[in-house]
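Throughout, read-outs are computed from the coordinates displayed, never taken from laboratory work. Everything numeric here is computed off the predicted structure, so don't read it as measured data. We place every Cβ from the backbone using ideal geometry, glycine too, and count neighbours over all the protein chains shown.
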Amino acid sequence: MDLLEEARSIEPEIIKTRRAVHQNPELAYHEEATARMVAKRLESLGIEVKTGVGGTGVLGTLKGAKKGKVVALRADMDGLPVKEMADVDFRSKVDGVMHACGHDTHVAMLLGAARILSKHRDQLHGTVKFLFQPAEEHGGRGGAKPMIEDGAMINPKVDYVFGLHIDSDNKSGEFGLRGGAIAAAPDRFVVKVIGKGGHGSAPHQTVDPVYIAAQLILALQGVSGRMIDPVQPFVISIGAVHSGTKENIIPDEAVLEGTIRTLDEATRRRAKVKVEEVSKGVAQAFGAKAEVEFEKDAYPVTVNDEEATDRAVRVLRRIQGTKVKIQKPILGGEDFSRFLQKAPGTFYFLGTNNPSKGCVYPNHSSKFKVDEDVLKIGTASLAMLAMEFSNPKGPA
């Protein structure tokens, strides 16, 4: 069967779904309308549906006519707190909220794959689970973990799991895959510098937390430059500084918010220790105190199974008109990592960069646009992976 041709035949529906979701984005843990639409669509295909999974998540289960493996396919549903500036006719109707990372396309492509697979349930081996996940953008607890806790990966137990993500860096229609670590652990931290406030005209009578915070921002760059193995991918960024109420008042406290990104657990542990040591050391040197807190339950490193990824590459290379390349690791975080801790599989990318259509802005940009010509390709890829990996004989 030619699954790309089947995806092409329902392309208008896939695009229509994507645009409807795009116009009505919902933030993490509030994907109620999106979830209702997804559940209704799956039910219309004769797929068993469970709602309220992990909060607003939806789990669809399609049982094939033949015995085989259990394959899970995931799409995240949440938007971002971004005011849309893209020049499209179907701009967000929700002020300050936008699908700026392609999650609208993920929903549309997975629903398209569900339609194709439901049509072929007589030829389908095993079971396909459709994971429509909330709160991927949350960054801490996220949406994958609550879905797992609600049993999404068991009864029946998932043998393989796959997640597709639209990517603004790769060329349109180009798949990016990589075995091993592909996305980082994003550890958010907060440093509170506690000093002694006073009048701006007499800094010698104070312990100025703003000045100390400025020194600390510079010193923390030494963690990446001088304390972490330079061969290991690692970045540390301070994204927010909060302090003070008036120009002539030296405050009592200053607060820094930042993130570290790592691709292996050893580097992650060392980096967290060093951030705390440097923060407390710099503060102490100026007579202040530093309190350091890392967000609990942050996403782990996203690690693709080597064998499953190699097999997925062979499957995707059969899709005509596309290219499969080895994806460079990214330092963005992904809670698909939690699904990969429960079953082997792969998290892969589909390029949407197309300058001729103005699709050049990065994910999370207010001007982010998707080349909709790639949606049928992504839909076909998900359906193919489900068909091939559910077959007990395995992909060619």
Checklist entry - For the Cα atoms of the chain, what angle does the longest principal axis make with the long axis of helix 375-390, in degrees from 0 to 90, nearest 10? => result 70
Checklist entry - Using the Karplus equation 6.51 cos²θ - 1.76 cosθ + 1.60 (θ = phi - 60°), what ³J(HN,Hα) coupling, rounded to whole Hz, does each residue of the stretch 294-311 give in order, writing x for Gly and Pro? => result 9, 4, 6, 6, 5, 4, x, 4, 8, 10, 7, 5, 4, 5, 4, 5, 4, 5
Item to check | Projected area, mean over directions - the stretch 179-271, Cα convex hull, nm² | outcome: 6.7
Item to check | Local net charge near Met85, Cβ-Cβ under 12 Å (Lys/Arg +1, Asp/Glu -1) | outcome: +2
Item to check | Largest to smallest principal axis extent of the C-alpha atoms in the chain, angstrom | outcome: 80, 43, 40
Checklist outcome for this item: For Arg226, placing the label point 7 angstrom along Cα-to-beta-carbon and taking the stretch 252-287, residues whose amide nitrogen sits under 19 Å are 270-287
Item to check | Qualifying aspartates and glutamates (Cα of each under 17 Å from Cα of Lys274; at least 8 residues distant if same chain) | outcome: Asp187, Asp229, Glu257, Asp264, Glu265, Glu291, Glu293, Glu295
Next on the checklist: Strictly over 29 Å apart at the Cα level, which of Lys296/Lys369; Lys16/Lys63; Lys16/Lys393; Lys66/Lys369 would you flag in this model?
Outcome noted: Lys296/Lys369; Lys16/Lys393; Lys66/Lys369
Checklist entry - If you line up the Cα atoms of the stretch 64-165 on their principal axes, what length do they span on each, largest first, in Å? => result 49, 31, 17
Checklist entry - Given H placed on each backbone N at 1.01 Å, which residues far from Lys367 in sequence or on other chains put an amide H within less than 5 Å of it? => result Met85
Item to check | Estimated vicinal HN-Hα couplings, Hz - the stretch 108-113 in sequence order (Karplus 6.51, -1.76, 1.60; Gly, Pro = x) | outcome: 5, 5, 5, 5, x, 5
Item to check | Residue-span extension gain [Val94 to Glu277] - 0.36 nm each, minus C-alpha spacing | outcome: 61.6 nm
Next on the checklist: Let me check against my output: what whole-number percent is the relative contact order of the stretch 185-294, with C-alpha pairs under 8 Å and at least 6 apart?
Outcome noted: 43
Checklist outcome for this item: Under the 7 Å Cα-to-Cβ spin-label approximation, Arg317 and Ala65 lie apart by a distance in nanometres of 3.2
Item to check | Under Karplus coefficients 6.51, -1.76 and 1.60, residue-wise ³J(HN,Hα) of the stretch 339-345 in Hz, glycine/proline x | outcome: 5, 5, 7, 9, 7, x, x
Next on the checklist: If the reach is capped at under 17 angstrom between alpha carbons, list the lysines near Lys342, excluding any in the same chain fewer than eight residues apart.
Outcome noted: Lys69, Lys129, Lys145, Lys157
Checklist entry - In percent, what relative contact order does the chain have, based on Cα pairs under 8 Å that are 6 or more apart in sequence? => result 25
Next on the checklist: For a Förster distance of 25 Å, can you work out the FRET efficiency between the beta-carbons of Glu32 and Lys325, rounded to the nearest 0.05?
Outcome noted: 0.10
Next on the checklist: Looking only at the chain, where both bridge partners belong to it, what percent of the DSSP beta bridges are antiparallel (to the nearest 5)?
Outcome noted: 65
Checklist entry - Excluding same-chain residues fewer than 8 positions from Lys323, which lysines have a Cα within less than 18 Å of its Cα? => result Lys171, Lys376
Next on the checklist: Sort 41-51, 162-172, 239-249 by packing, meaning the average of other beta carbons within 10 Å per residue, with the highest value first.
Outcome noted: 162-172, 41-51, 239-249
